[in-house]
Amino acid sequence: MNIKILFFSLIALLSLTTAVQAQEVQDKDLVQFSGMVLDGTTSELLPVPYTNILVVGKGRGTYSEFSGFFSLVVEKGDTVRFSAIGYKTADYFVSDTLTDNRYSLVQMLTRDDINLPEAVVFPWPSREHFKLEFLAMDVTSEMQERASANVAEDALARMRNEVRADGNENADYYLRQQARKNYYIGQTPPMNIFSPIAWKQFFDTWKEGGFKKDKDKK
């Protein structure tokens, strides 16, 4: 009975020793792989944020931060693939002869320009249909006069004053004002009283009666 217990204890000890040795070998093959992903197309070396970083054949990976920094655990001999929208995909082979468990890399990505084919949109099925419809179109003098009246300078000026701005125009105007305000943070903004362009705009508005119109509206 004691012989059986000793035999099974010996087998369990050998199995545990083998598992520990295998785990140590596997831990020696692990590498903390980190670095930066930069745009190598220009001399400014700007970071490439949110780059997809994949360990080929392992089904795991990560992505770079907004500053281009990344960090993940790989094994010696792995191939790491870097891919980002607008850039060419790049592969890096982690050497299996590394002696340290940490490795840093600065990965450069080059921009990849994709030219899409030209797309021409027609309101008719084909050029032949467009040609037939265009030749059959009856443009009377009344329609010509109406079109000329719609694009007249006084009509366009009246529309600019009467038609209200939509949401996009108001948002663009607000953002431009904020950008102009932030541009002079920490310094004295220029005074338009010394600007010849501002004086010219003032006199032009005065001659056109712009100030008079504003007064009548009030």
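Every number in this text was worked out from the coordinates using simple rules, so none of it is lab data. From a predicted model like this one, the values you see are computed outputs, not experimental measurements. As a convention, Cβ positions derive from the backbone with ideal geometry for all residues, glycine included, and neighbour counts pool all protein chains shown.
Going by average Cβ density within 10 Å per residue, which order do the peptides 116-122, 79-85, 156-162 take, highest to lowest? Write down the numbers at each step before the final one.
On the way: 116-122: 5.3, 79-85: 17.6, 156-162: 9.4.
So the order, starting with the most tightly packed, is 79-85, 156-162, 116-122.
Normalising the average separation of contacting C-alpha pairs (under 8 angstrom, six or more residues apart) by the number of residues puts the relative contact order of segment 28-109 at 38 percent.
Around Ala84, under 15 Å between beta carbons, what's the net of Lys plus Arg minus Asp minus Glu among the other residues? Write down the numbers at each step before the final one.
Numbers: positive: Arg81, Lys88, Arg111; negative: Asp39, Glu65, Asp91, Asp112, Asp113.
Here the charged neighbours net out to -2.
Working from label points 7 Å from Cα in the Cα-to-Cβ sense, the Tyr174 to Gln201 distance is 2.2 nm. Every pair of different Cα atoms in segment 105-202 enters the Kirkwood calculation, which places the hydrodynamic radius at 21.1 Å.
Separation of segment 123-143 from segment 92-117 is 57 Å, based on Cα centroids. The share of alpha-carbon pairs in segment 28-109 lying farther apart than 20 Å comes to 28%.
Our summary of shape: the Cα atoms of segment 125-166 have principal axis extents of 43, 28, 11 Å, ordered from largest down, in whole angstrom.
In sequence order, segment 146-151 has phi-based couplings of 5, 5, 5, 5, 6, 9 Hz under the Karplus curve 6.51 cos²θ - 1.76 cosθ + 1.60, θ = phi - 60°, and Gly or Pro positions carry x.
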